[in-house]
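The values are calculated or read from the model by the stated rules, or taken from the named source; none is laboratory data. This one's a predicted model, so the numbers in the text were calculated from it and none came from an experiment. Note that each Cβ is placed from the backbone with ideal geometry, even for glycine, and that neighbours are counted across all protein chains shown.
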Amino acid sequence: MAWQTPKTDWLTNPIKPRSRDFNRIEGNIAFLKDEIETKKSAIVDALNTMNQSATIENSYQELANKIKDISKDANASVSQVLTGRTFYQGGVKRTGTMPNIGALVITPGKTDQSIPMGYHNGLGKVLGVDWKKWASGVISNNPNSGLVVTGLPFKPSAVMIYNSYFSNPYYYVRQILLQAGAGVSHYKIVHTYRLNVNTQTIDQIGGSVLSNGIVVTDDGFSVDEGALMTGTSRTLEWIAFE
C-alpha cells in the first residue's frame, strides 16, 4: 500500500471519522512499519558486512554506536598513508604523512646509498653501469717469436705481460698518443718490474722505452720479439683491460 496524505484539519473540520479515514491511518502505519524495517535491515546487513555484529532487534542508538565502531579496528598510522590522503582510524578522520618519492632514479657509485622512506610509484630504477671488460690467457712462446692475441670482445687500453724467463718481471704496456703519420697506435713499456726473492722486494728495471713493436687492434694486441726480449721457449701470461 502506498503512502496516503493524512487528514490534518480535524479541528477545523471535525467530521466523524469514517472507515476510509481509519483505513488511511492504519495503512500509513503499515507503510511506515515496512519502510522502517526494510531500511533498518539494510543498515544491519551493511554493518555485518563491515565486521560489526548487528541484528534487526538492535535499537537505533545501538546501530549508531556500531557505525562509529567501524573504523576502530583499523591499524594504519598516518606515516603509512600517502601524504595528503585521508582515512578513518579509531573513529577519527586522519591525513597521511608518508612522503611521495615518486620515481626514484639511483646512479650507482662507490659508496652505499640509502633509499628514502616513502611511497615509490614503481617507475624508479637503478641506472645501468658500463662495466669495463678484461681478459687473460697463457701462451707458450717459441724462440724468436712474439706474442699475438686476437678475438677479444674489446679493444685493450692496457696490457700486463708476465715473462717467465726472468725473475718474475712484469711488463705494463699503456697506450700513448698516435704518432703523426703512423698507421697504428704506438705503445711504450712504462716500467719493467722484477721480484727480488732475496730481499723480498720488487725492483724497477728500465722504463719509458718507446717500442714500435707493440700494436693494439680492435680485438687484441701483439708484441714483437724485440719488446719481449725472448730468446728461448717460455710461457707468457697476459692480462688485457678495456
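Figures for the structure shown
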| quantity | calculated |
| --- | --- |
| Output for the range 49-76, where each listed residue is part of a helix (DSSP H, G or I) and either under 17 Å from Lys39 (Cβ atoms) or over 43 Å from the mean Cα position of the chain (by Cα) (or both) | Thr49, Tyr60, Gln61, Glu62, Leu63, Ala64, Asn65, Lys66, Ile67 |
| Of residues in the range 67-112 being touching a Phe, Trp or Tyr at 6+ places or on another chain (Cβ under 6 Å) and of a type in the set (S, T, N, Q), the one surrounded by the fewest Cβ atoms within 10 Å (Cβ to Cβ) | Asn100 |
| All positions within the range 1-27 that are among the aromatic types (Phe, Trp, Tyr) and assigned to a helix (DSSP H, G or I) | Phe22 |
| Boolean, Lys39 is modelled with pLDDT under 85 and more than 30 Å from Leu152 (Cβ to Cβ) | yes |
| Options Ala54, Ala103: the member that is among the small types (Gly, Ala, Ser), under 30 Å from Leu127 (Cα atoms) and at pLDDT 80 or above | Ala103 |
| Phe31 being assigned by TED's automatic domain parsing to the domain that holds Tyr119 and among the aromatic types (Phe, Trp, Tyr) | no |
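The rows are residues; the columns are (1) modelled with pLDDT of 95 or more; (2) surrounded by 11 or more Cβ atoms within 10 Å (Cβ to Cβ); (3) not in a loop (DSSP other than H, G, I, E, B).
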| position | (1), (2), (3) |
| --- | --- |
| Gly128 | no, no, no |
| Ile139 | no, yes, yes |
| Ser145 | no, yes, no |
| Phe154 | no, yes, no |
| Val159 | no, yes, yes |
